[in-house]
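The values are calculated or read from the model by the stated rules, or taken from the named source; none is laboratory data. These figures come from a predicted structure and were not determined experimentally. Note: ideal-geometry Cβ built from the backbone for every residue, glycine included; neighbour counts use all protein chains shown. The protein model used for the area step is the full one, side chains on, heavy atoms only, and it has no ligands, DNA or RNA in it. Shrake-Rupley method; radii C 1.70, N 1.55, O 1.52, S 1.80 Å.
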Amino acid sequence: KASDPDFFSKLAEGQNPGFLYIGCSDSRVPAEEVTGARPGELFVHRNIANVVHPSDPNAMAVIDFAVTQLKVRHIVVCGHYLCGGVKASMEEGKGGVLDSWLDRIREAASLNLEELSVISDEEQRYHRLVEINVKEQCRNVANLPVVRDRYRATGYPKVNGWVFDILTGELIDLKVNP
Ligand code: ZN
């Protein structure tokens with residue numbers, strides 16, 4: 001308020017974000033810090049390993065509102081290297097609610113089994129699965145009727161897949177085109 005006296009009164013007028021950001025709940029990858037966005041610029045949904053699944057009413061409500069009401073121009077799915085959720089999905093299931101959540105990442109992995117199985121180095125396979133998970137979640141977003149219909153009618157929203165590299169601070173555009 002000291003540096004910008006109108007800051008909060010402008011925020012109170014309402015939101016008109018251009019982006020829906022879907023990211024991981026990991027405390028090291030907060031949406032605004034990763035992207036440099038300001039309050040009012042991102043509509044945000046986060047969960048373990050940035051998963052988008054039609055059976056998840058939370059994610060579906062967020063996407064529906066972002067597309068039909070806010071009319072966002074871009075949807076970003078942003079994963080990150082060293083993602084604990086992705087790592088856990090590579091291990092054997094232990095049952096329970098967390099494990100059934102991780103099945104969504106295992107689904108993404110199984111769709112890309114041929115590529116993953118030839119990577120013998122486990123660290124590299126882990127890195128690649130982070131990227132593949134982003135790519136598959138982008139595909140899930142793009143296939144939702146609410147997204148598809150609006151894209152066909154207006155050319156928006158565009159779906160973007162990014163990975164944040166925790167080791168370097170770099171934000172990488174995977175240039176997915178779902
Ligand atoms: Zn994560």
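Please state which of the following conditions Ala142 fails to meet, knowing it meets all the rest: (1) small (Gly, Ala, Ser); (2) closer than 23 Å to Ser110 by Cβ; (3) open to solvent by 70 Å² or more (accessible area, probe 1.4 Å).
(3)
With respect to Ser100, is the statement that it is assigned to a helix (DSSP H, G or I) and free of Cβ contacts under 8 Å to residues at least 40 places away in the same chain true?
Taking the combined requirement at face value, the residue satisfies it.
Can you find a residue in region 23-36 that is polar (S, T, N, Q), outside any helix (DSSP H, G or I) and under 15 Å from the mean Cα position of the chain (by Cα)?
yes
Take the residues of region 82-116 that are within 15 Å of the ligand (Cβ to nearest atom) and among the β-branched types (Val, Ile, Thr): which is nearest to Arg139 (Cα to Cα)?
Ile105
On the given criteria, is Arg28 touching a residue at least 24 places away in the same chain (Cβ under 8 Å), out of contact with any Cys (no Cβ under 8 Å at 6 or more places or on another chain), within 16 Å of the ligand (Cβ to nearest atom) and open to solvent by 30 Å² or more (accessible area, probe 1.4 Å)?
yes
Of all residues in region 38-69, count the ones that are more than 19 Å from Ser89 (Cβ to Cβ) and open to solvent by less than 20 Å² (accessible area, probe 1.4 Å).
Qualifying residue count for the region: 4.
Where the second residue is near the ligand (Cβ under 10 Å from one of its atoms) and the first is part of a loop (DSSP other than H, G, I, E, B) and lies in region 67-91, which pairs have Cβ atoms under 7 Å and are six or more apart or on separate chains?
Hits for this filter: Tyr81/Val130; Tyr81/Ile166; Leu82/Ile166; Cys83/Cys24; Cys83/Asp26; Cys83/Ala49; Cys83/Val130.
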